[in-house]
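Below is one structure, written out as structure tokens; comments come after it.
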Amino acid sequence: MEKIKVSLDSESCWAKPSNAKAAQISNRIGGFVEEINPTPKDIRALAEKISIDGQTFCPATFKDGIRNQAHFEQQQFIALDFDSKTPDTTITLEDARARAERYGLRPVFAYDTLTSKNHNKFRIVFLNNAPMGHRIVAEAVQLALGKIFPEADPLCYKDVSKMYFGGKELTYFDERLSTIDVESVFRSMTRYLKESTPKHYKERLAHFSSQTGISLNESGLLDVTISYDPTESSGATQTSQNGEISPSAIIMRSSIKGDGEKSPKSYIIGLKGSTSNPSVGRTASNSPTDKKIVKNHKKYRSSDMKKIAQSCRLFREFRDGTRDMVHDELFGLSLSLIQVENGPQIFRKIQEEHPEFYDRERRSRWSHAIEYNADSKYKPQDCDKFCPYADKCKHGKNILTTAKPKRNLIEKITGYQEGFCSLEEMQDDVYNAILRAYHAEDTKVHVIKAGVGSGKSYSYLKIMSENPDSCFLVSTPTNLLKDEVGDRAVDDELEVLKTPSLDQIADELPRKVWNYIRRLRKTGRHSEVHPYIQQVLKNEDIPCLREYMEKREKLKHFTGSIITTHRYLMNMDRKRLSNFVCIIDEDILFKSIISNQEAITVSELKKLRKETANVLLAQKIDKLLKRAKTQSLISVEGFDPDDIGSDDDIPFDVASFCQAEKIMFREKSKNPEDKNLKEDMFCFIKPAIFFENMKYIVVSATADEKIYRQYFGAERVDFYECKQAKYDGRLLQYPGKSMSRSCINNNKGIVQKLMWKFGMKASHVITFMKENIGHLHFGNTEGSNSLEGEDILVVGTPYHAPFLYKLVAFTLGMDFDEDEEMESQIIEHNGYRFQINTFKNENLRAVQLWMIESELEQAVGRARLLRNSCTVHLFARFPLRQSEIVEDFDYKD
């Protein structure tokens, strides 16, 4: 806590000052500011200066040393003056303290005034838990205390600049340094008004609202809420200190932790003419008669109390009465219980069962607090803000989400902190990581994980320019990215060539020629493509095809660096590749290995068995068909396919089938929900060649360490995760709907509705390809900079069929039960706790999370949030790093 500031005159008075003397004190006291450490010793010393040494004080401090309301700066002490001038204002210090205790507002000290006789005139002083830097708040708190203590002199709670003469005896000091706060003062005043005038207390609250400018909520109570999340106040504009009321809200942050409280809190104070912060969960109102929205029942039922007891140790201790609870523990428990049907009654009943801790007065105070908090629609409090066991037990955001998680649950893990650095530091880290890999004298696979937009291509192009004697081969997942990197290399005056691509001239080729080339590729007969092209060019002049072959011939004799694609890299021979430092841009396992799948029907395989003359191929087919009778995941030996011949009638890649060693059998009768499975089928991922004695440098935003170590071998992989910088833009995530393919199908037109709601053009939307919206979709987002710095809409959680996750895990050699089914579970990932349909097996789950996250990260990355202050609206139920979760989004609007 920071030092407490108060205006304190330097001279002592042993009797009440004359008018002239009082005027002198008044003129100078604003310039005497005392700063006190928030310790019992230092505050007692202040109390003695006032109460024994007779020094005049003013609880507030003032700008420019001018003591008046217009120059108000801040105030943390609040004083009430009792002078017993009339029978109605007569009260003893003991009665005043008892009333304060009854309403949970303990003063920090009290003293007899200079004119007191037999203790009939005294002052009590309260200490707020934070300096009130807004005059509106200070005046309202003083007035609220005046309502609770009508015997006090009205001048003391109507003027924040009032000064108080010293006294002659310190009659009370609280060594515990009890504090009050804005919310508890207004709550206590509400209780006092309700008990003193039960039929008219709402009218009196409305009058108080008119006097102070503090708005009322929909229940007719003062619009003050507690928040432990600083982001909740981000939309509120703080009111100017001159006291002018503006249609906004005041944010006050506590500088003192409460009894048992684990972290300081903020108070959001609504002002008349404003609406409460939406994150508080209710709308402000200036009339107690506003129509309320009544629900038939609460979201959490009485039956959920059993789950709460099972999951929450603190609640069990409260229920069983194993110890007394401090205020903030009880407050945190109560805010969860008021969300449950009969929760308030259960809270009261538990306190009644343990009178050793909760006497009648204490129960009465908590009974009112629960009713007040329920009417104010307070949200549950985060466990880590009040629970002493938050660091010891596994829990969600609060008691309720721990006991009964929502279907669309996504919440931050308690205590999880992401470390961020500057953009410059991040880019230097990426550069240095690639440089270390370049200089490493080994044949490892160096995997460098760096976020989208972190300067990966900038870094390796810089290294290429700094090392002109080395030949580099940079491979990218798409021709689009290949061209972008190649053009940047040329701009940097690097000697590079881009590999030509048949796909980029496909529209210029005769349909018959292109279709046959595609067939050769599909069936794995890549070595036949260029002989076929040469034969075509002998019979027909096709300029684009001839130019393509000329570029290929030039490439054979080129001695500089090459920019190419993953596909080209996978088809290079060892001798040619050994001339280069191989840099792989993007996650080649995700983009080019596991996506390269083959599916062969049983009937196609039987036909091949009948026609083939290759003994090894026939034997492999026989083994496969036999094992498929009892297995779904089948391991078979691969062999060299060079002598299997070729056949235009075979519709699949026979060569890859020969090499494949991990094959999945999918039986139609066991997968009736899969409409794409027309008959029994064998599936496998086409084998890829990475040479053992070659060094590869992979730079990717989505590479997963476990996956890479499993694929290449743990010892061969050198994995480095680069530093992260905080987004300049915002990633807003809406988890209300799963946004799977089936969800979008069942909510016809939902993508178009979201486009309309956010004002997005089709070009700024990324979703599933079948939606036919925009030019980007899941699966083809890498390398596109067309949306850099733009607000974009990403809709969809790119789940895959469970069999694919198993196929990938099987191919990687992971252990798992092939019969395991996916089920809804609460898991933790990326610093979030969320519910997802997934596997219990950690290997299968790792594959699934990697595949989903890779697609989403690439889609979101098109906006380049690291370097642009734009916004991505992500509708998916899978949390990404740095996402801001938006709850209660209205999909019907």
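Between residues in the stretch 299-315 that are under 12 Å from residue 383 (Cβ atoms) and residues that are hydroxyl-bearing (Ser, Thr, Tyr) and surrounded by 19 or more Cβ atoms within 10 Å (Cβ to Cβ), which pairs lie under 6 Å by C-beta distance while being six or more apart or on different chains?
Hits for this filter: 311/402.
State whether the residues of the stretch 613-628 include one that is out of contact with any strand residue (DSSP E or B) (no Cβ under 8 Å at 6 or more places or on another chain) and under 30 Å from residue 477 (Cβ atoms).
Checked against the condition, which is being out of contact with any strand residue (DSSP E or B) (no Cβ under 8 Å at 6 or more places or on another chain) and under 30 Å from residue 477 (Cβ atoms), the stretch 613-628 yields no hits at all.
Among the listed residues 528, 493, which satisfies the condition of being charged (D, E, K, R) and within 30 Å of residue 461 (Cβ to Cβ)? Break it down stepwise before answering.
Details: 528 fails: within 30 Å of residue 461 (Cβ to Cβ).
493 is the lone residue from the list that is charged (D, E, K, R) and within 30 Å of residue 461 (Cβ to Cβ).
For the structure I just gave you, tell me whether residue 865 is assigned by TED's automatic domain parsing to the domain that holds residue 761, of a type in the set (A, V, I, L, M, F, W, C), part of a helix (DSSP H, G or I) and under 21 Å from the mean Cα position of the chain (by Cα). Explain how you work it out, then say what you get.
Numbers: assigned by TED's automatic domain parsing to the domain that holds residue 761: yes; of a type in the set (A, V, I, L, M, F, W, C): yes; part of a helix (DSSP H, G or I): no; under 21 Å from the mean Cα position of the chain (by Cα): yes.
No: the conditions fail for residue 865.
Determine the pairs where a residue that is closer than 11 Å to residue 873 by Cα, located within the stretch 752-771, has a partner that is of a type in the set (Ser, Thr, Tyr) and modelled with pLDDT under 95 with Cβ atoms under 7 Å apart, the partner being 6 or more residues away or on another chain.
Hits for this filter: 766/781.
Can you tell me which of (1) crowded, with 18+ Cβ neighbours inside 10 Å; (2) over 27 Å from the mean Cα position of the chain (by Cα); (3) within 25 Å of residue 587 (Cα to Cα) is the one residue 787 doesn't meet?
If we test residue 787 against (1) crowded, with 18+ Cβ neighbours inside 10 Å; (2) over 27 Å from the mean Cα position of the chain (by Cα); (3) within 25 Å of residue 587 (Cα to Cα), just (2) comes out false.
Please identify the pairs in which a residue from the stretch 502-525 that is among the basic types (Lys, Arg) has its Cβ atom under 9 Å from the Cβ atom of a residue that is in a helix (DSSP H, G or I), counting only partners at least 6 apart or on another chain.
518/506; 521/529; 525/519; 525/654; 525/655
Applying the selection to the stretch 727-751, what residues are modelled with pLDDT of 95 or more and either of a type in the set (Lys, Arg) or exposed (fewer than 14 other Cβ atoms within 10 Å of the Cβ) (or both)?
730
Give me the pairs, please: first residue somewhere in the stretch 547-569 and closer than 13 Å to residue 585 by Cβ, second residue anywhere and of a type in the set (A, V, I, L, M) and assigned to a helix (DSSP H, G or I), beta-carbon distance under 6 Å, and either six or more positions apart or on two chains.
Partner pairs satisfying both residue conditions: 563/485; 566/588.
Quick one: which residue in 441, 425 is more than 30 Å from residue 713 (Cβ to Cβ) and surrounded by fewer than 17 Cβ atoms within 10 Å (Cβ to Cβ)?
Values: 441 fails: more than 30 Å from residue 713 (Cβ to Cβ).
Only one candidate qualifies: 425.
Among the listed residues 688, 703, 714, identify the single one that is under 28 Å from residue 476 (Cβ atoms) and more than 35 Å from the chain's Cα centre (by Cα). Before you say what the answer is, go through the steps one by one.
Working: 703 fails: more than 35 Å from the chain's Cα centre (by Cα); 714 fails: more than 35 Å from the chain's Cα centre (by Cα).
Selected residue: 688, the only one of 688, 703, 714 that is under 28 Å from residue 476 (Cβ atoms) and more than 35 Å from the chain's Cα centre (by Cα).
If I ask for residues that are aliphatic (A, V, I, L, M) and either closer than 22 Å to residue 544 by Cβ or loosely packed, with under 14 Cβ neighbours inside 10 Å (or both), which ones from the stretch 462-480 would you list? Walk me through how you get there before you give the answer.
Narrowing the stretch 462-480 to residues aliphatic (A, V, I, L, M): 463-464, 473-474, 480.
Listed by number, the list holds a single entry, 480.
For residue 384, only one of the following conditions fails: (1) modelled with pLDDT under 90; (2) in contact with a Phe, Trp or Tyr (Cβ under 8 Å, 6 or more places away or on another chain); (3) more than 24 Å from residue 889 (Cβ to Cβ). What is its number?
Going through the list (1) modelled with pLDDT under 90; (2) in contact with a Phe, Trp or Tyr (Cβ under 8 Å, 6 or more places away or on another chain); (3) more than 24 Å from residue 889 (Cβ to Cβ), residue 384 breaks only (2).
Out of curiosity, is residue 495 surrounded by fewer than 17 Cβ atoms within 10 Å (Cβ to Cβ) and closer than 28 Å to residue 656 by Cα? Walk me through it before giving the result.
Values: surrounded by fewer than 17 Cβ atoms within 10 Å (Cβ to Cβ): yes; closer than 28 Å to residue 656 by Cα: no.
Considered against the rule, which asks whether it is surrounded by fewer than 17 Cβ atoms within 10 Å (Cβ to Cβ) and closer than 28 Å to residue 656 by Cα, residue 495 comes out as no.
Rundown of residues vs (1) assigned by TED's automatic domain parsing to the domain that holds residue 161; (2) surrounded by 16 or more Cβ atoms within 10 Å (Cβ to Cβ); (3) acidic (Asp, Glu), yes/no style:
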| site | (1), (2), (3) |
| --- | --- |
| 31 | yes, no, no |
| 50 | yes, yes, no |
| 59 | yes, yes, no |
| 64 | yes, no, yes |
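Within the stretch 345-378, take every residue that is hydrophobic (A, V, I, L, M, F, W, C) and in contact (Cβ under 8 Å) with a residue 40 or more places away in the chain and give me the one that is surrounded by the fewest Cβ atoms within 10 Å (Cβ to Cβ).
If we filter the stretch 345-378 for residues that are hydrophobic (A, V, I, L, M, F, W, C), which is where we start, we get 346-347, 350, 357, 366, 369-370, 374.
Of the ones still in play, those that are also in contact (Cβ under 8 Å) with a residue 40 or more places away in the chain are 346, 369.
Values: 346: 17, 369: 21.
Among those residues, the one meeting the criterion is 346.
What single numbered condition from (1) modelled with pLDDT of 90 or more; (2) assigned to a loop (DSSP other than H, G, I, E, B); (3) under 17 Å from residue 184 (Cβ atoms) fails to hold for residue 205?
(2)
Does residue 811 satisfy being among the β-branched types (Val, Ile, Thr), part of a helix (DSSP H, G or I) and either under 24 Å from the mean Cα position of the chain (by Cα) or modelled with pLDDT of 95 or more (or both)? Steps first, please.
Numbers: among the β-branched types (Val, Ile, Thr): yes; part of a helix (DSSP H, G or I): yes; either under 24 Å from the mean Cα position of the chain (by Cα) or modelled with pLDDT of 95 or more (or both): yes.
Against the criterion (among the β-branched types (Val, Ile, Thr), part of a helix (DSSP H, G or I) and either under 24 Å from the mean Cα position of the chain (by Cα) or modelled with pLDDT of 95 or more (or both)), residue 811 qualifies.
Is one or more of the residues making up the stretch 99-111 of a type in the set (Lys, Arg), surrounded by fewer than 20 Cβ atoms within 10 Å (Cβ to Cβ) and not in a loop (DSSP other than H, G, I, E, B)?
So the first thing to find is which residues in the stretch 99-111 are of a type in the set (Lys, Arg), and the list is 99, 102, 106.
The next check asks that each one be surrounded by fewer than 20 Cβ atoms within 10 Å (Cβ to Cβ); those that pass are 99, 102, 106.
With not in a loop (DSSP other than H, G, I, E, B) added as a condition, the list becomes 99, 102.
Within the stretch 99-111, one or more residues are of a type in the set (Lys, Arg), surrounded by fewer than 20 Cβ atoms within 10 Å (Cβ to Cβ) and not in a loop (DSSP other than H, G, I, E, B).
Just the residues that are in a loop (DSSP other than H, G, I, E, B) and either among the β-branched types (Val, Ile, Thr) or more than 20 Å from the chain's Cα centre (by Cα) (or both), please, taken from the stretch 723-742. Please lay out each step first, then the result.
Restricting attention to the stretch 723-742, the residues satisfying the condition of being in a loop (DSSP other than H, G, I, E, B) are 723, 726-729, 734-740.
Of everything in the stretch 723-742, just one residue is in a loop (DSSP other than H, G, I, E, B) and either among the β-branched types (Val, Ile, Thr) or more than 20 Å from the chain's Cα centre (by Cα) (or both), namely 740.
Residues checked against (1) assigned by TED's automatic domain parsing to the domain that holds residue 155; (2) more than 47 Å from the chain's Cα centre (by Cα); (3) at pLDDT 95 or above:
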residue	(1), (2), (3)
10	yes, yes, no
15	yes, yes, no
44	yes, no, yes
73	yes, no, yes
79	yes, no, yes
86	yes, yes, no
89	yes, yes, no
105	yes, no, no
108	yes, no, yes
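With the requirement that a residue be more than 27 Å from the chain's Cα centre (by Cα) and either in the same structural domain as residue 101 (by TED's automatic domain parsing) or not in a helix (DSSP H, G or I) (or both), what does the stretch 334-386 give you?
Selection gives 341, 342, 353, 354, 355, 356, 357, 358, 359.
How many of the residues in the stretch 667-696 are farther than 28 Å from residue 575 by Cα and of a type in the set (Phe, Trp, Tyr)? Quick ask: steps written out before the conclusion?
So the first thing to find is which residues in the stretch 667-696 are farther than 28 Å from residue 575 by Cα, and the list is 667-684.
When the remaining residues are screened for being of a type in the set (Phe, Trp, Tyr), the result is 682, 684.
Qualifying residue count for the region: 2.
Counting only residues that are part of a strand (DSSP E or B) and crowded, with 19+ Cβ neighbours inside 10 Å, which one in the stretch 836-862 is modelled with the lowest pLDDT?
Initially, the stretch 836-862 is screened for residues part of a strand (DSSP E or B), giving 836-838.
From what is left, the residues that are crowded, with 19+ Cβ neighbours inside 10 Å are 836, 838.
Numbers: 836: 91, 838: 95.
Per the stated criteria, the residue is 836.
Given the structure, is residue 545 among the aliphatic types (A, V, I, L, M) and surrounded by 18 or more Cβ atoms within 10 Å (Cβ to Cβ)?
On the way: among the aliphatic types (A, V, I, L, M): yes; surrounded by 18 or more Cβ atoms within 10 Å (Cβ to Cβ): yes.
Yes, satisfied.
The values are calculated or read from the model by the stated rules, or taken from the named source; none is laboratory data. Owing to the predicted nature of the structure, the values given are computational and were not obtained by experimental measurement. Don't worry about glycine lacking a Cβ; one is built from the backbone with ideal geometry, like all the others, and counts go over all protein chains shown.
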